[in-house]
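Following: one structure in structure tokens, then a few remarks.
Taken together, the values in this text are just the output of simple stated rules run on the coordinates, not laboratory data. Keep in mind it's a predicted model, so treat the numbers as computed, not measured. Heads up, the Cβs are rebuilt from the backbone with ideal geometry, glycines too, and the neighbour counts pull from every protein chain shown.
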Amino acid sequence: MPFQYLDELAEGFLTTLSLTLLSAVGALVIGTVLAAMRVSPVPVLRAVGTTYVQLVRNTPLPVLAVLFALGLPVLGPSFGFFTWAVLALAVYTGAFVCEALRSGINAVGVGQGEAARAIGLGFGQTMRLVVLPQAFRTVVPPLGNVLIALTKNTAVAATISVADITLRSNALITSSADPLGVIGASALAYLVITLPLGLAVDRLEGRVAVVR
Amino acid sequence: MTQTRAPLVVLEGVVKRFGSHQVLTDVDLVVGAGEVVVVLGPSGSGKSTLIRTINRLETIDGGRIVVDGQPLPDEGRELARLRADIGMVFQSFNLFAHKSVLDNITLGPVKVRGASKAEARDRAMALLERVGLADKAGASPAQLSGGQQQRVAIARALAMQPKVMLFDEPTSALDPEFISEVLEVMKGLADDGMTMVVVTHEMGFARSAADRIVFLDQGRVLDDTVPGPFFDGTSSPRAREFLSKILAH
């Protein structure tokens with residue numbers, strides 16, 4: 001039975017939860033900045049944003065995680081594996097957040113931006129005060145997808161020795177000789193995060209829907 | 001006449017292309033302070049493009065544009081400052097969909113002019129009173145009729161205390177029964193001495209409110225004259241043809 005293993009996965013669960021929360025915040029910040037760059041009138045910023053997204057989202061996450069944890073320390077910075085995992089997840093997911101936001105920005109009518117500029121708002125103000133608040137409303141569902149995917153992607157941390165749900169499960173499978181039971185428990189532990197997240201996204205969508 | 005008024009908007013030899021299509025060809029236009037200029041022309045003649053070049057929502061490919069003595073700067077802080085002095089009313093209203101009527105009007109004064117919230121609010125309420133919508137301050141744009149939305153859009157532009165107002169077919173998206181309430185507001189503005197450039201198909205408005213009519217065809221200014229002669233048949237042959245079609249029924 002899966003339930004008997006839940007206690008032993010509790011610590012891993014908390015690790016997965018903090019991985020999720022920290023990298024989600026990082027991804028939202030990175031993604032918002034990237035999206036603003038990709039729709040900005042400055043060609044250099046657009047090019048940097050586009051290059052970032054293409055490079056990062058087309059690299060497998062496990063490769064990125066190992067590159068961060070083992071590659072970047074060679075260049076100087078030294079963090080624990082947990083921090084590297086958070087950084088890799090935030091950098092990776094930021095690319096997807098950017099694209100979700102950009103689709104939302106493109107869905108806001110051009111007239112909204114024109115009206116904002118016509119009253120003298122600059123590019124930054126136009127984005128912050130007029131375009132992004134409306135874009136966020138249309139991107140709640142796709143952004144929810146990205147965050148749920150992020151929660152599950154945190155399992156990659158296990159490959160760089162972070163003791164999350166997945167790493168603890170792997171150890172437990174060996175010691176218990178009950179792979180199905182342990183994997184079942186592991187699935188339940190992830191669902192405890194992803195299901196409420198999905199429901200919260202649905203709630204939020206209903207609440208912020210803009211009347212047009 | 002127009003020559004005695006200080007020029008507020010000056011276009012000299014303005015050229016605009018969309019790809020290989022030339023939309024505006026050597027357009028010269030001078031709008032004096034306090035003047036109401038109505039731009040007429042068949043669809044596709046470049047009217048909207050012309051009016052949108054004045055606050056640089058469209059960039060130009062040749063010639064120059066001077067507003068209040070200042071050549072239009074490139075995109076950036078300076079342009080934003082100049083745009084704040086140029087009110088613009090769009091065909092499709094473009095009220096900020098996520099903000100209440102009141103917040104639509106106070107956004108510019110607070111964020112661009114640095115007005116206090118209370119000050120901006122008082123002024124917005126006065127403007128809403130003026131356009132007859134004081135009771136709609138808390139409504140969202142989607143709850144208003146087209147005519148009401150357009151009157152709010154005019155109030156939003158006026159809240160910036162602009163030196164000139166641009167109207168890009170302000171009544172073309174409206175149901176016929178809502179057109180007059182918008183034209184009333186515009187006439188009131190004209191009577192108060194606001195400098196206005198108006199692209200419209202409302203011939204009645206052009207005849208009664210305009211100081212000057214500019215007739216555009218295929219991106220060229222064919223007529224630039226006072227309304228009387230324009231409507232009395234001394235305009236260019238192309239303009240006469242245009243008028244005969246519009247006024248046939």
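Extension gain, B:Val226-B:Phe18: 0.36 nm per intervening residue step, less the Cα-Cα distance, totals 71.8 nm. The phi-based Karplus calculation (6.51 cos²θ - 1.76 cosθ + 1.60; θ = phi - 60°) puts the 3J(HN,Hα) values of the stretch B:185-197 at 4, 5, 5, x, 4, 4, 5, 7, x, 5, 6, 9, 10 Hz, whole numbers, x for Gly and Pro. In this structure, B:Met125 and B:Ser180 have a Cβ-Cβ separation that, at R0 = 25 Å, corresponds to a calculated FRET efficiency of about 0.55.
Its alpha carbons considered, the stretch A:139-183 gives a radius of gyration followed by a Dmax of 13.8, 44 Å. The separation of the stretch A:1-62 from the stretch A:159-173, counted between C-alpha centres, amounts to 20 Å. Remark: relative contact order (chain A) = 32 percent; criterion is Cα-Cα distance under 8 angstrom and separation of 6 or more residues. In this structure, A:Leu191 and A:Phe79 have a Cβ-Cβ separation that, at R0 = 30 Å, corresponds to a calculated FRET efficiency of about 0.50. Can you compute the FRET efficiency between A:Val208 and B:Lys117 using 1/(1 + (r/R0)^6), with r the Cβ-Cβ distance and R0 = 35 Å? Round to the nearest 0.05. Once rounded, the FRET efficiency stands at 0.90. In the stretch B:96-249 the Cα-Cα distances spread across 10 Å bins starting at 0 as 10, 35, 30, 16, 8, 0 percent of all pairs. Rg and Dmax, both from the Cα atoms of the stretch A:79-147 and both in Å, are 15.4, 50.
Between the stretch B:146-198 and the stretch B:208-249, the C-alpha centres lie 22 angstrom from each other.
Taking only the C-alpha atoms of the stretch B:96-161, the Rg (one decimal) and the largest Cα-Cα distance, Dmax (whole number), read 10.5, 31 Å.
Write down the percent of antiparallel bridges among all DSSP beta bridges whose residues are both part of chain B, to the nearest 5. Within chain B, antiparallel bridges account for around 55 percent of the total. Distance between the 7 Å Cα→Cβ label points at A:Asp7 and B:Arg207: 9.3 nm.
Projected over every direction and averaged, the convex hull enclosing the alpha-carbon atoms of the protein assembly as shown yields 28.4 nm². Projection of the Cα convex hull of the stretch B:5-94, averaged over all directions and equal to a quarter of that hull's surface, yields 6.4 nm².
When +1 charges are put on Lys and Arg Cβ atoms and -1 charges on Asp and Glu Cβ atoms, the dipole computed for the stretch A:1-149 relative to its Cα centre reaches about 700 debye.
Counted by Cβ distance under 11 Å from B:Leu158, the other residues give a net charge of +3, where Lys and Arg count +1 and Asp and Glu count -1.
Normalised by residue count, the stretch A:2-208 yields a Cα convex hull volume of 127 Å³ per residue.
Legend: mean number of C-beta atoms from other chains within 10 angstrom of residue C-beta atoms, peptide A:130-143, equals 1.
The alpha-carbon positions of the stretch A:1-80 define a convex hull whose volume is 144 Å³ per residue. Helix content alone sets the calculated 222 nm mean residue ellipticity of the protein assembly as shown: runs of n ≥ 4 DSSP H residues at -39500 (n - 2.57) each, divided across all residues, give -17500 deg cm²/dmol.
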